[in-house]
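The values are calculated or read from the model by the stated rules, or taken from the named source; none is laboratory data. This structure is a prediction, so every number in the text was calculated from the model and none was measured. Counting neighbours? That spans all protein chains shown, and the Cβs are built from the backbone with ideal geometry, glycine included. Note: areas computed on protein heavy atoms with side chains; ligands, DNA, RNA excluded. Shrake-Rupley method; radii C 1.70, N 1.55, O 1.52, S 1.80 Å.
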Amino acid sequence: MVKNQKMLYNYQEVKIMRDIRIEKLASNLLRHSINLQKGEKILIEIIGMDAIPLGKELIRQAENIGAIPFFNIIDYEIIREILINGTEEQMQIYAKHDLQRMKDMDAYIGVRASTNTAELNGVPTEKMEMYNKYYTMPVHFEERVKHTKWCILRYPNASMAQMSNMNTENFEDFYFNVCTLDYDKMSKAMDPLVRLMNKTKNVHIIGEGTDLTFSIEGIPAEKYMGTFNIPDGEVATAPVKNSVNGYITYNTETRYNGILFNNIRFEFKDGKIVKAISNKTKELNEILDTDEGSRYIGEFALGLNPYIERPIGDTLFDEKIKGSFHFTPGDSLEESDNGNRSSIHWDIVNIQTLEYGGGEIWFDDVLVRKDGIFVLDELKPLNPENLV
C-alpha cells in the first residue's frame, strides 16, 4: 500500500510539473511569440493527437486574453491516403477552403506531434510536389507566413523522444529547457551579429568537405528569437542569388517528403547547385528539380540555441543547434529576400563544433566563428555559456 501511494504521489508530481510547463509554454507562445490581442482571431492547428493538452491550454489562454480561437486537427495517416491517389483538382479544392479560413485569421499557431515522422514516406515524389505546389505554397507560404502573426513548434511525445535516442521523461526536460529559455536575453545578444551581417559583403565558410564563398551584400539579416518558431535561436540572411561558388558537405541527417537523407554534398557554380549526391542521390535530385528555384539557395543562417547540442532529426530543433549553420535550397525568406522563388524550402544543417569536425566562418576576411565559438568580443555574448 505504501509503495502504491508513493508511486501515485510521483505520478501526480510529474503531472503537476508537466501542467505548469505547458501553461508557461502556452503563455510564451501567445504573449511573446505572436503577441495575441483582444478580438484577434487565431487558428490553433494540431498535427497528431498527442498535442491536445497544449491545444486546450492555448484555447483557454486565448479566450482569457479576449481573442477568438479556432482549431484544426490533422493526421498524417489520413493525408497520406489522400495523397497516394490525389489529383491536382483535389489539392486545389482542399487548398481553396483552407486558404479562405487562413485569410480570416489574424494569428496562427501550429503544433506538430506526429507519432510517426516517416508517415509520408512512400508517397510518390510527384504527389508530394503537387501537394506542396497547390496546397502548402498558397495556404502557408503565401497567406499564413505573409499575412498572419504565426509560430510553429513540435510537442514532446514518445516518437520525438525515440527519434532523439532519449527516454520520454528526459526528452521532456530537454524540450522545455529549449523552448522556454530567456528569448529576450537572446534577442539582445543577437543585435551585434545582425549589425555585423548587415555590413558584410562576402562570406567564406571552411570545414570538412566544405569550402564555400558567397556574398550577402544588400540582403537584410534578421534575428529569430521565439517569434516564428519554438524552439528558436538563429540569425538569418541569404546569399546574393548568383554568388555562391564552391562545395558543401552536410554532416547531419535531414528528412524531406518523408525520405531520410544523409551525407548530402552540393557543388555550386554561380549560385546554382550543379552537382548533388547523397545516400539517395536520385531522390535528392528529383527534389532539386522541383522548379527553377530549387537549385539556388534561399537562406543562410547561424544556429545559436545553447541547449541544442546535437541533431535529433527534426528541422525545427536541428537548425538551431549551437555552433551550426544551415544553407537552404529553395524559397527565400520574406525578411531576407534574395529574389529566389521555389515551392521548396529545405533547411539542411552543418555543425561546426569540434565534436563534428570543426570549421570556420569568415566575414570580409575576418574570422568570426571558429569551431562553433564566436571569437569577436562583441559576439561572445552569443556563445552558449552566456545564454543558459
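Worth a mention:
- Test: residue 188 is in contact with a strand residue (DSSP E or B) (Cβ under 7 Å, 6 or more places away or on another chain) and more than 23 Å from residue 47 (Cα to Cα): no
- Meets criteria (in contact with a Phe, Trp or Tyr (Cβ under 8 Å, 6 or more places away or on another chain), in contact (Cβ under 8 Å) with a residue 40 or more places away in the chain and closer than 23 Å to residue 256 by Cβ) for residue 107: no
- Residue in region 210-229 that is touching a residue at least 40 places away in the same chain (Cβ under 8 Å), among the charged types (D, E, K, R), closer than 29 Å to residue 119 by Cα and open to solvent by 10 Å² or more (accessible area, probe 1.4 Å) present: no
- Taken as a whole, the condition of being within 19 Å of the chain's Cα centre (by Cα) and more than 25 Å from residue 254 (Cβ to Cβ) applies to residue 149.
- Matching residues, region 102-118, being surrounded by fewer than 16 Cβ atoms within 10 Å (Cβ to Cβ) and of a type in the set (Lys, Arg): 103
- Identity of the residue in region 296-317, of a type in the set (D, E, K, R) and surrounded by fewer than 23 Cβ atoms within 10 Å (Cβ to Cβ), that ends up modelled with the lowest pLDDT: 314
- Of the listed requirements (1) surrounded by fewer than 18 Cβ atoms within 10 Å (Cβ to Cβ); (2) touching a residue at least 40 places away in the same chain (Cβ under 8 Å), residue 285 misses just one: (2).
- The set of residues in region 320-329 being open to solvent by less than 10 Å² (accessible area, probe 1.4 Å) and in a loop (DSSP other than H, G, I, E, B) consists of 320, 323.
- On the stretch given as region 175-209, residues that are outside any helix (DSSP H, G or I), surrounded by fewer than 19 Cβ atoms within 10 Å (Cβ to Cβ) and of a type in the set (A, V, I, L, M) total 1.
- Filter result for the condition that a residue is assigned to a helix (DSSP H, G or I), open to solvent by less than 50 Å² (accessible area, probe 1.4 Å) and in contact with a Leu (Cβ under 9 Å, 6 or more places away or on another chain), over 143, 172: 143
- Only one of the listed residues (97, 32) is in contact with a Gly (Cβ under 7 Å, 6 or more places away or on another chain) and either surrounded by fewer than 17 Cβ atoms within 10 Å (Cβ to Cβ) or not aromatic (Phe, Trp, Tyr) (or both). That residue is 32.
- Cβ pairs under 7 Å, 6+ apart, first in region 316-334 and at positive phi, second of a type in the set (Ser, Thr, Tyr): 323/353; 330/294; 330/342
- Qualifying residue in region 67-74 (condition: within 21 Å of residue 163 (Cβ to Cβ), part of a strand (DSSP E or B) and in contact with a strand residue (DSSP E or B) (Cβ under 9 Å, 6 or more places away or on another chain)): yes
- Of all residues in region 265-274 being of a type in the set (Lys, Arg) and within 19 Å of residue 207 (Cα to Cα), the one that is surrounded by the most Cβ atoms within 10 Å (Cβ to Cβ): 265
- Flag for residue 121 being closer than 24 Å to residue 50 by Cα, open to solvent by 40 Å² or more (accessible area, probe 1.4 Å), of a type outside the set (Ser, Thr, Tyr) and touching a Ser or Thr at 6+ places or on another chain (Cβ under 8 Å): no
- Of everything listed in (1) touching a residue at least 40 places away in the same chain (Cβ under 8 Å); (2) part of a helix (DSSP H, G or I); (3) open to solvent by 50 Å² or more (accessible area, probe 1.4 Å), the single unmet condition for residue 162 is (1).
- Subset of region 39-60 that is β-branched (Val, Ile, Thr) and more than 17 Å from residue 139 (Cα to Cα) - its residue that is surrounded by the fewest Cβ atoms within 10 Å (Cβ to Cβ): 52
- On inspection, residue 36 qualifies as in contact (Cβ under 8 Å) with a residue 40 or more places away in the chain and assigned to a loop (DSSP other than H, G, I, E, B).
- Where residue 233 falls short, out of the listed (1) at positive phi; (2) free of Cβ contacts under 8 Å to residues at least 60 places away in the same chain; (3) buried (at least 23 other Cβ atoms within 10 Å of the Cβ): (2)
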